[in-house]
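Working notes for the structure below.
The values are calculated or read from the model by the stated rules, or taken from the named source; none is laboratory data. Remember, predicted model here, so these are calculated numbers, not experimental data. Cβ placement follows ideal geometry from the backbone for every residue including glycine, while neighbour counts extend to all protein chains displayed. Calculation scope for accessible area: heavy atoms of the full protein, side chains included, ligands and nucleic acids excluded. Shrake-Rupley method; radii C 1.70, N 1.55, O 1.52, S 1.80 Å.
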Amino acid sequence: MTQDAKASPAKPAETTTSLKDRGNLFEIAMRQIEKAAKLVKLDRDVWEILQQPKNEILVNFPVRMDDGKIQLFKGYRVQHNNIMGPYKGGMRYHPEANLDEMKALAAWMTYKSALHEIPFGGGKGGIKFDPTKHSKSELERITRRFTHALGTNIGPSWDIPAPDVGSNEQTMVWMMDTYANVVGSSERHMVSGVVTGKSVTAGGSYGRREATGAGVMHCIVQWAKDNNFNLDGCHVIIQGFGNVGSFAARLLAQKGAVIVGVGDHGGYIANPEGINPHKLSEHVSKAGTVATYKGAAKITRDEFFALDCAIFVPAALELELGVKEAKALKAQLVVEGANGPTYPEAEDILLEKGVSVIPDILCNSGGVIVSYYEWLQNKRSERWDHADVLERLETRMTRTYHDVSQYATKHKCDWRTASYAMGLERIERCYKERGIFP
Ligand code: NAD
């Protein structure tokens, strides 16, 4: 099927700005990281290395569409840093995917892995196209051809993709299968760790599906304990109801939280009595958007950001929380399920208002943590129990949460700066011990 032949499942939200109008994401990311680099007085040479990715791979590849015509696609893989381990990061399928976005997302992965002491580096990639406009067979051919075009630029000991916006378990299984077929039959069962976020049947880990949402929930539970805050009955709003947002919603509801507002690319809805996240998930799996859900009223994006709530979880795309949204927001706590959802100027406003911000590289790391567990299971040909995976995840999230909390108190800085600073210090130590080749 061609792109023209299909209708998108939902209309775009009316007020969101196009990503290309939102400023250069990589520059914004570098501004955030530079603040931490100054705090830790990072070695000049290490900073020089970290300011650009090691590799920026661009591939243009042809795919035959269902109507027999050829369409050309642009794919990316940015490999930011691998001093601590193989490059690691998601594959985004989105019409506005671009190199600067990939560079920012790849850099964030480097610091996220370092913060959580996961032996991975940082990478990110994807394809510039709208996956909702393609049939399943087209998506399969696009993914397989992209994987083939990347060739040995990915690999279980080199660069390990995972799902991100617009891609999912099925995408990862196609990638793994394509890679395994290309490496040759004697090695095909040794390379399942080339990607993570696979279905459990095809070598994925129990618990990976809900991992990022679970990590968000664990941070909120810890914050509530530290601040004597009762989660039971507290109002939560969530932007983005895909993998991260929908699992965060369901897990927070189990803790007694009431989801009063949700938004996605199709629009925004609210119900002060609460929105059942399980029913909403069922609706989204059929309708493709929250906007047409009957159990809540349609509202505008501006109304969504002004809803009465205690907690806001951005779980859509980057740079959704600007100055206007920060001023309108009534939440006491912002928990960044998405990568880079907050403009630095908006964060300043939130912090001035006394709002706590749990930054992305701390709270949305459940995905990469369980991806690491999946990779370990693949390497060792093991299968860990669901409960075992979730327990390990909780332990690691909770430990890092408290480490960041203590670091921020000790150095009198915000949590984002503390999180980057901890990651930077580890990377700096590693560079100092290993040195630079030759
Ligand atoms: P997803 O594709 O499953 O869901 C994305 C959600 O965002 C959808 O509900 C979509 O409708 C919504 N959205 C898209 N454009 C929007 C817009 N303009 N306005 C409002 N909503 C919009 O993606 P995901 O995997 O849930 O990822 C969401 C975010 O979390 C991304 O920033 C991603 O990088 C980050 N993240 C994901 C994982 C993971 O394990 N999936 C891990 C860490 C971070």
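Look at ASN378 and say whether it is under 24 Å from GLY122 (Cβ atoms), in contact with a helix residue (DSSP H, G or I) (Cβ under 6 Å, 6 or more places away or on another chain), open to solvent by 20 Å² or more (accessible area, probe 1.4 Å) and polar (S, T, N, Q). So ASN378 passes the test.
For ARG208, indicate whether it is surrounded by fewer than 22 Cβ atoms within 10 Å (Cβ to Cβ) and basic (Lys, Arg). No, not satisfied.
Kindly provide the set of residues from the stretch 144-174 that are part of a loop (DSSP other than H, G, I, E, B) and either more than 13 Å from the ligand (Cβ to nearest atom) or of a type in the set (Asp, Glu) (or both), ordered by number. First the steps, then the outcome.
Of the stretch 144-174, the ones part of a loop (DSSP other than H, G, I, E, B) are 154, 156-158, 164-168.
Those that are part of a loop (DSSP other than H, G, I, E, B) and either more than 13 Å from the ligand (Cβ to nearest atom) or of a type in the set (Asp, Glu) (or both): ILE154, PRO156, SER157, TRP158, ASP164.
Flag: GLY204 does not match the condition of being in a loop (DSSP other than H, G, I, E, B), in the same structural domain as ALA338 (by TED's automatic domain parsing) and in contact with an Asp or Glu (Cβ under 7 Å, 6 or more places away or on another chain). If only residues of the stretch 299-314 that are within 14 Å of the ligand (Cβ to nearest atom) and not acidic (Asp, Glu) are counted, the one that is farthest from GLU27 (Cα to Cα) is ILE299. All conditions in (1) within 12 Å of the ligand (Cβ to nearest atom); (2) in contact (Cβ under 8 Å) with a residue 60 or more places away in the chain hold for HIS235, with the sole exception of (1).
Residues to consider are LEU58, LEU50; find the one that is out of contact with any Leu (no Cβ under 7 Å at 6 or more places or on another chain) and surrounded by 18 or more Cβ atoms within 10 Å (Cβ to Cβ).
LEU50
Might you let me know whether the stretch 315-330 holds any residue that is modelled with pLDDT of 95 or more, of a type in the set (Val, Ile, Thr) and within 14 Å of the ligand (Cβ to nearest atom)? No.
Need a quick list: helices (runs of 4 or more DSSP H) entirely within the stretch 258-373 having at least 1 residues that are open to solvent by 10 Å² or more (accessible area, probe 1.4 Å).
Qualifying helices (runs of 4 or more DSSP H): 277-287, 301-305, 323-328, 344-352.
Residue under question is VAL221, and the condition is that it be away from the ligand (no atom under 16 Å from the Cβ) and within 29 Å of ASP388 (Cα to Cα); does it hold?
Answer is yes for this residue.
What do you reckon, is LEU362 under 15 Å from HIS116 (Cα atoms), among the aliphatic types (A, V, I, L, M) and either in contact with a helix residue (DSSP H, G or I) (Cβ under 9 Å, 6 or more places away or on another chain) or in contact (Cβ under 8 Å) with a residue 12 or more places away in the chain (or both)?
yes
Out of curiosity, is ARG380 among the charged types (D, E, K, R), more than 24 Å from the chain's Cα centre (by Cα), closer than 30 Å to HIS189 by Cα and modelled with pLDDT of 95 or more? Yes.
Considering (1) modelled with pLDDT under 95; (2) of a type in the set (Val, Ile, Thr); (3) crowded, with 18+ Cβ neighbours inside 10 Å, the lone condition that ILE436 does not fulfil carries the number (3). For first residues located in the stretch 244-271 and over 28 Å from HIS94 (Cβ atoms) and within 12 Å of the ligand (Cβ to nearest atom), partners that are basic (Lys, Arg) and open to solvent by 10 Å² or more (accessible area, probe 1.4 Å) and lie 6+ apart or on another chain with Cβ distances below 7 Å do not occur. Each residue in the stretch 192-214 was checked for being more than 16 Å from the ligand (Cβ to nearest atom) and under 27 Å from ASN339 (Cβ atoms), and 5 of them qualify. Quick check: anything in the stretch 280-293 away from the ligand (no atom under 15 Å from the Cβ) and assigned by TED's automatic domain parsing to the domain that holds CYS219? No, every residue in the stretch 280-293 fails to be away from the ligand (no atom under 15 Å from the Cβ) and assigned by TED's automatic domain parsing to the domain that holds CYS219.
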